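Encoded as structure tokens, the structure appears first; notes follow it.
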Amino acid sequence: MTAADDGGTTTLVVRVENKAGVLARVAGLFARRGFNIESLAVAPTDDERFSRLTIVVGVDAAPMEQVVKQLDKLVNVVDIQELNPSASVERELMMVTVRAEPEIRGQILDLVRIFQATVLNVGYDEIMVSLTGSPSRVDDFEGLLRPYGIVDVQRTGKVALPKLVKAAPDPLAP
Amino acid sequence: MNMNGGQALMKALENEGVDILFGLPGGAILPVYDPLIDSSIRHVLVRHEQGAGHMAEGYAHATGRPGVAMVTSGPAATNIVTPLCDAYMDSIPMVVVTGQVPYAAIGTDAFQECDTTGITMSVTKHNYLVTEAADIPQVIHDAFYIATTGRPGPVLVDIPKDIVDPNNPRSAMEWYTPDSHDLPGYLPNQAGDAELIRQAAKLICEAERPVLYTGGGILKSRGAEALLELAELTGIPVVTTLMNRGGFPDDHPQCLGMPGMHGNYTAVTAMQEADLLIALGARFDDRVTGKVGEFAPLAKIIHVDIDSAELGKVRRPDVAIQGDCRVVIEELVKALKEMGGSEAQPDRNQWRSRISGWQERFPLTYEQSKGDELLKPQYVLEQLRDSTPSDTIVASGVGQHQMWTSQYWKFNHPYTWVNSGGLGTMGFAIPAAIGAKAGRPDRMVWAVDGDGCFQMTAQELVTAATEGFPIKVALINNAYLGMVRQWQEMFYEERYSEVYLTRDVPDYKMWAEALGCVGLRVESPEEVGPAIAQANEINDQPVVVEFRCEAEENVFPMVPAGMSNSDVVVDPSQRDQPR
């Protein structure tokens, strides 16, 4: 049942009531039950009554079944999806400022082009770029920029949605 | 109807059927105490907010209805955190209303401000900070619904002063009676899965050495009658955990009594040797299982609980049924009857005779005091048990006296045992007994307390005396923090560290009298019976009977913490018996 990816993490997509203190309830539950949060993203949904939390949990930290059941007991938690990485699409946004003296700026821009990243801001000897992609692709990009000297980096933590059904329905089915 | 938030709060509580409120006023909750005067709800003025919380718990224990407490902000709110945590651990339905500083002042470190909802988040089933007067009727309606359904628990409602203060325009509102709940994340389910219930019935019909392991969920679900039917249909022996004492009659031939760290040998060993444990509303607490890896090693597990998070939390069940205990047991009885009822149960004579062998070799026992020795607490409890009505409600504190009471009392009626099981809150007995008496004024209520516990909450005897709750307190004075003393004797080479309380200070008889009670002191066995009889006759005042007891007496049997239940230490007089 437990969906573990190669990084030993599981992604929980938790729909919660959009009320004051809900994030504290979720975070407090993880803390007091000894579960570890790897990353956490919070965003409104198309229905203003609810927000969606995307929580990446280290699977070694706790039996995932307990994490899910304890979360589900919170009155403000509406539903929980446990996303298996192979059955979901995951994205993360990174913004990074990297050293880029004029003579090596071209090498950085090569990487930006290869990864289809976006230049956000350019300074005399630094450049700020952003990349949206799967967490592993964002890892690769960050790794390739590192030797040039990363000045600042911000990652959002991943968000995810389940993959869609590929097969068309059987026309003969009742 | 136009009203202010304070009036709406009182009306909302009345609409939920609240007849009694335990509380103590103060600055932030002041405006609510004015409409209280015109309300049908009786208010009991406590002497410490912790007392209000435990009284609400005692009331809920004894009646099954939610207990309600109301206190002010800041230190009052922090004082009621212990009862909230206690109620959370023992799944007691309770609603606590706290005052809060005016909404605009929240976060400014105002006088008597504290982050009540933040502090209590982890010790409540749910809590609310109400920001608008208009929300009060709905929040109170939801709070009672949450507290009393699913796995019961405490709910706290924090109310800023401005929304209940008639002098503040923010308190103005239009009354409405909520007719539904807007709780999309809270959908408690009662019915168990029919197929799983059938599987459970099948396992029961195959088991040669089954035990019904019954916990507090039996009492919470009003399931004692259903349990009796299941037990008698199948003939399976029953253990009743500390939270389910009274949920199955102790005088029933199938009752094995309490299991666990201080359970009796037969209850502990029957579970250890079982091939099937049918866990009903029990949570495999460490005090029951001992070393989890060696608990009931041969047993398959059927686990029924209203809280699905309990299923598999400690021990992986073979059949896990989420549902209300009573509802599931009733369905299980039906399924068993369809499979042939008692006819379909295998011959378990061998199992029964092993069990009765343990019962004969390892009964609860103690050595009676001789000559000038002080009283044995077990003797006191036996005398008390035998000279009170069988439906007497017994509340206890936490420690040796609690274990002896659970061991030696004969609980033959549900809702007669009020104690702090999960949190183990010393000082629980007196306020909880007051709450129980408030809920069941027709019953005799005895608190069994230790001298350590008594000193923590004795001031509530003033509440009992002035508000007219003639409870009786059996104070087991052994001059020590007895359970800690026992551990230091057994596990710290008799190096006694900070456990001696003194025998004579305070003077409990004089203290009881000063608190408005009758105070009695008993020092010899022949005085025990007459003193209890005298206490039983007094119905217009609380009574405290101090029983001067032997300090060295230990609670046995005992499974030392972290050890296997197979290594249960029995009374010294039984240690040569074959197991």
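All of the numbers you see were taken from the coordinates with simple rules; none came from a lab. As the structure is a computational prediction, the values presented were derived from the model and not from experiment. Every residue, glycine among them, receives a Cβ derived from its backbone with ideal geometry; neighbour counts consider all protein chains shown.
Details
- Residue-averaged beta-carbon neighbours from other chains (10 angstrom radius) around A:17-25: 3
- Computing FRET efficiency as 1/(1 + (r/R0)^6) for B:Glu523 and B:Asp250, where r is the C-beta to C-beta distance and R0 is 45 Å, gives about 0.90.
- About the centre of its Cα atoms, segment B:2-174 shows a dipole size close to 320 debye [charges on the beta carbon of Lys, Arg (+1) and Asp, Glu (-1) only; nearest 20 debye].
- Sum of side-chain charges, B:Ala28 neighbourhood, beta-carbon under 12 Å (Lys, Arg +1; Asp, Glu -1): -3
- Calculated SAXS-style log₁₀ I(q)/I(0) at q = 0.05, 0.06, 0.08, 0.11 Å⁻¹ - chain B, Debye, Cα scatterers: -0.22, -0.32, -0.56, -1.03
- Candidates B:Ile236, B:Ile329, B:Ile306 compared by Cα position along the dipole of segment B:234-340: farthest toward the positive end lies B:Ile306, with charges placed on Cβ.
- Residue-span extension gain [A:Asp47 to A:Lys19] - 0.36 nm each, minus C-alpha spacing: 8.8 nm
- Length added when fully stretched, B:Gln368-B:Asp442, from 0.36 nm per residue minus Cα-Cα: 23.2 nm
- Label-zone membership for segment B:134-166, site B:Leu183, 7 angstrom Cα→C-beta point, backbone N under 16 Å: B:136-158
- Against the main long axis of the alpha-carbon atoms of chain A, helix A:22-32 sits at an angle near 90°.
- Cα gyration tensor shape of segment B:388-535, rounded if a/c is under 1.5, else prolate or oblate by comparing a/b with b/c: prolate
- Look at the alpha carbon pairs under 8 Å that are at least 6 residues apart: their mean separation over the length of segment B:2-174 gives a relative contact order of 29 percent.
- With Cα atoms, 0 to 90° folded angle of helix A:135-145 axis to chain A main axis: 20
- About its Cα centre, chain B has a charge dipole of approximately 880 debye under the convention of +1 per Lys or Arg Cβ and -1 per Asp or Glu Cβ, with nothing else charged.
- Put a dot 7 Å past the Cα of B:Asp286, heading toward its Cβ, do the same for A:Arg99, and the two dots end up 5.2 nm apart.
- Placed amide H near B:Trp417: partners under 5 Å, 5+ positions off or other chain: B:Val394
- Calculated [θ] (222 nm, deg cm²/dmol) that DSSP helices of n ≥ 4 give over chain B, each run adding -39,500 (n - 2.57): -10500 deg cm²/dmol
- All other residues whose Cβ lies under 13 angstrom from that of B:Thr240 are scored, Lys and Arg at +1 and Asp and Glu at -1, for a net of 0.
- Backbone HN-Hα couplings from phi across segment B:339-344 [Karplus 6.51/-1.76/1.60, Hz, Gly and Pro as x]: 7, x, x, 5, 4, 7
- The ranking of B:Tyr59, B:Tyr500 from fewest to most other beta carbons within 10 Å of each one's beta carbon is B:Tyr500, B:Tyr59.
- Efficiency of FRET from Cβ geometry, B:Arg42 and B:Asp391, R₀ 22 Å, rounded to 0.05: 0.40
- Cα gyration tensor, segment B:431-487 - rounded (a/c under 1.5), prolate or oblate: prolate
- Between B:Tyr176 and B:Lys337, the contour length at 0.36 nm per residue exceeds the alpha carbon distance by 53.1 nm.
- Around the amide H of B:Ala447, modelled in the peptide plane, lie the amide H atoms of B:Ala395, B:Lys472, B:Val473, B:Ala474, all under 5 Å away and 5 or more residues distant in sequence or on another chain.
- Modelled FRET efficiency - R0 60 Å, B:Arg361 with A:Asp110, Cβ distances, 0.05 increments: 0.10
- In sequence order, segment B:192-201 has phi-based couplings of x, 5, 4, 5, 5, 5, 5, 4, 5, 4 Hz under the Karplus curve 6.51 cos²θ - 1.76 cosθ + 1.60, θ = phi - 60°, and Gly or Pro positions carry x.
- The label point for A:Asp79 and the one for B:Met510, both projected 7 Å from the Cα toward the Cβ, are 6.9 nm apart.
- Per residue, the average separation of C-alpha pairs within less than 8 Å and at least 6 apart gives chain A a relative contact order of 25 percent.
- Rounded to whole numbers, the Karplus 3J(HN,Hα) couplings from phi for segment B:436-443 are 5, 5, 4, x, 10, x, 6, 9 Hz, using 6.51 cos²θ - 1.76 cosθ + 1.60 with θ = phi - 60°, and x at Gly and Pro.
- Restricting segment B:134-240 to chymotrypsin sites (Phe, Trp or Tyr not before Pro) in coil, as DSSP defines it, with at most 12 other Cβ within 10 Å: B:Tyr176
- 0 to 90° range, to nearest 10: angle between helix A:64-73 axis and chain A longest Cα axis: 70
- Straight-distance crosslink candidates among lysines, where the alpha carbon sits under 29 Å from A:Lys166 and sequence neighbours closer than 8 are dropped: A:Lys158
- Relative contact order (%) - criterion: Cα under 8 Å, at least six apart; region: chain B: 14
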